[in-house]
Amino acid sequence: MPDKSRGLKRAKEIYQNRSQKAKELKAAGKKIIGYPCVYVPLEMLTALDLVPYRTCGDIKEPVTEADRALPTSFCPIMRTCLDCALKGWNDFLDGMVTVHSSDPQEKTARVWESYVNHPYFHFIDMPGTVRPEALEYFKNQLNDFRKTLESFTGKKLSPGKLKAAIESHNKQRALVKELYQLTKPAPPLISGTEIVQVIKALMSLPVTEGNELLSQVISEVKSRTDGPKKKPARLLIWSSTVDDSDIMAIFESEANVVMDESCGGIRPYRGRVKLTADPLDGLTDYYLNEITCARTFRQAVIGETKKDYKKDLQSRFGYLRDIIKKWNINGAILLLVRYCDPFAFEMPSLKDYLDNLGLPSTYIEYDYTVGALAPLRTRVEAFLETIS
Ligand code: SF4
């Protein structure tokens, strides 16, 4: 009798030991390129047969080494990412691509480049708005990225190869969206905790292998009989990075998390890269326009001088309205990682937007350490009592 939950089990195994898989790929002759943020265009790595590997920190590992280079009042995610790198956890990497998606990311990239000796290192500067000039600038940045990749690999990044890579990654986006359709039923067929493990496993695999794993997980989940139990609350989690299933398990103590708007959840997969004559145009548009991270400044009308607050909220958070309706969400947790300015800036406006929709929400700040989990649980339980 075939093991019906092989896909979910495999995803969990990779989630629990991501570097193992990367080391096997390296032993098989692949080059592994690390990236800390989902604004890095992975298609450009895939097109040159490089394996993208998201470098993450570890909430259970006390930060020590990173104290040599970064202040304590600094993005805890970047601190733990660098700490793990300085402790040699990513020594199998052949290179690193970083991006100016936030100031802590930029500062950490500079330190990373000088402290960790990778054969290849590239930094993509990234504009903070979606104005036409910003798109032009970002495309030039991707062109520079193409050049350093070509000299590192000794291969040409042809439009044909890039288009094929875009199609594989678009397929992955479509599969992840299909996976999130399975959280619409009550109870959902897959838990938020399991989805965190699947997504993190994807960020450790070549795209084709990730798509195979996703297809397997989706077919298993559709026919499973051991799915999550129905809970009184159906939650939306809105945050920067939720990449540890222990954090998600706290939210799911008395609720079903049916949508995770973070870059450990649906954020990198919600859109689709348009296939353009020059594929870099499609990538530029997608990575600057489509990824809904708080770090990008959006206006209802580009260049407006007088702001209409309601229209402004709609332009920044309007994509959530449909999600809340279609996933029948009855509560939202706005989770802030301490010292994360872009998300801290968005929280009051997002709360206003959700209040206008009549959706109960709570704003919780924590510092991505094990010590923060117990108070986080207390805050979540208190909120759930108010909506259940
Ligand atoms: S929250 Fe935004 S800036 Fe931070 S890693 Fe995710 S996508 Fe990048």
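The values are calculated or read from the model by the stated rules, or taken from the named source; none is laboratory data. The structure displayed is predicted, hence computed values, not measured ones. Reconstructed Cβ throughout: ideal geometry from the backbone, glycine too, with neighbour counts over all protein chains shown. We work out accessible area using only protein heavy atoms, side chains counted, and drop any ligands, DNA or RNA first. Shrake-Rupley method; radii C 1.70, N 1.55, O 1.52, S 1.80 Å.
Just a few scattered comments:
- Computed over region 13-111: relative contact order in percent, which uses C-alpha pairs under 8 Å that are six or more apart: 31
- Two-site FRET efficiency, T378 against D281, from Cβ-Cβ distance with R₀ of 51 Å, rounded to 0.05: 0.55
- From largest to smallest, the equivalent ellipsoid semi-axes obtained for region 4-129 from the alpha-carbon gyration tensor read 24, 18, 15 Å.
- Potential lengthening of the chain between T64 and K156 amounts to 29.0 nm, from the contour at 0.36 nm per residue minus the alpha-carbon distance.
- Accessible carbon and sulfur surface of the chain relative to its total accessible area, %, 1.4 Å: 53
- Sorting W327, W89 by accessible area puts them as W89, W327; the probe is 1.4 Å, largest comes first, and only protein heavy atoms count.
- Where labels lie 7 Å past Cα in the beta-carbon direction, separation of E24 and D103 in nm: 4.3
- When the charge dipole of the chain is built from unit charges on Cβ atoms (+1 for Lys and Arg, -1 for Asp and Glu) and taken about the Cα centre, the candidate among Q20, V116, F74 whose Cα reaches farthest toward its positive end is Q20.
- Here the spin labels are modelled as points 7 Å beyond Cα on the Cα-Cβ line, and at E254 and S114 they lie 5.0 nm apart.
- Per-residue surface analysis assigns H118 an accessible area of about 20 Å², computed on protein heavy atoms at 1.4 Å probe radius.
- Filtered chymotrypsin sites (Phe, Trp or Tyr not before Pro), region 121-164: DSSP coil and at most 10 other beta carbons within 10 Å: none
- Counting 0.36 nm for each residue step from Q314 to K274 and taking away their Cα separation leaves a gain of 12.0 nm.
- Among G264, G88, G331, the largest mean-square fluctuation in a Gaussian network model of the chain (Cα springs under 10 Å) belongs to G88.
- In the context of the full set of protein chains, the chain has a per residue accessible area of 41 Å² (1.4 Å probe).
- Relative intensity, log₁₀ I(q)/I(0), of the chain from a Debye sum that treats every alpha carbon as a point, q = 0.08, 0.13 Å⁻¹: -0.40, -1.15
- Using a Förster distance of 45 Å, the FRET efficiency for E13-S349 (Cβ separation, nearest 0.05): 0.65
- Going by accessible surface with a 1.4 Å probe and the largest first, T98, T305 read T305, T98.
- Global form of region 161-289, assessed from the alpha-carbon gyration tensor, a/c cut-off 1.5: prolate
- Residues K139 and D322, FRET efficiency given R0 of 30 Å [Cβ-Cβ distance, rounded to 0.05]: 0.50
- Per-residue [θ]222 nm for the chain (sum of -39500 (n - 2.57) over DSSP H runs n ≥ 4, rounded to 500): -15000 deg cm²/dmol
- Of all the options P132, P36, P185, the one that moves most in a Gaussian network model of the chain with Cα springs shorter than 10 angstrom is P132.
- Average Cα contact separation per residue, region 162-387, under 8 Å, 6 or more apart, as relative contact order %: 21
- Contact order for region 196-255, expressed relative to its length and based on alpha carbon pairs under 8 Å spaced 6+ residues apart, stands at 49 percent.
- Accessible heavy-atom area order of D244, D125, D322, highest first, probe of 1.4 Å: D322, D125, D244
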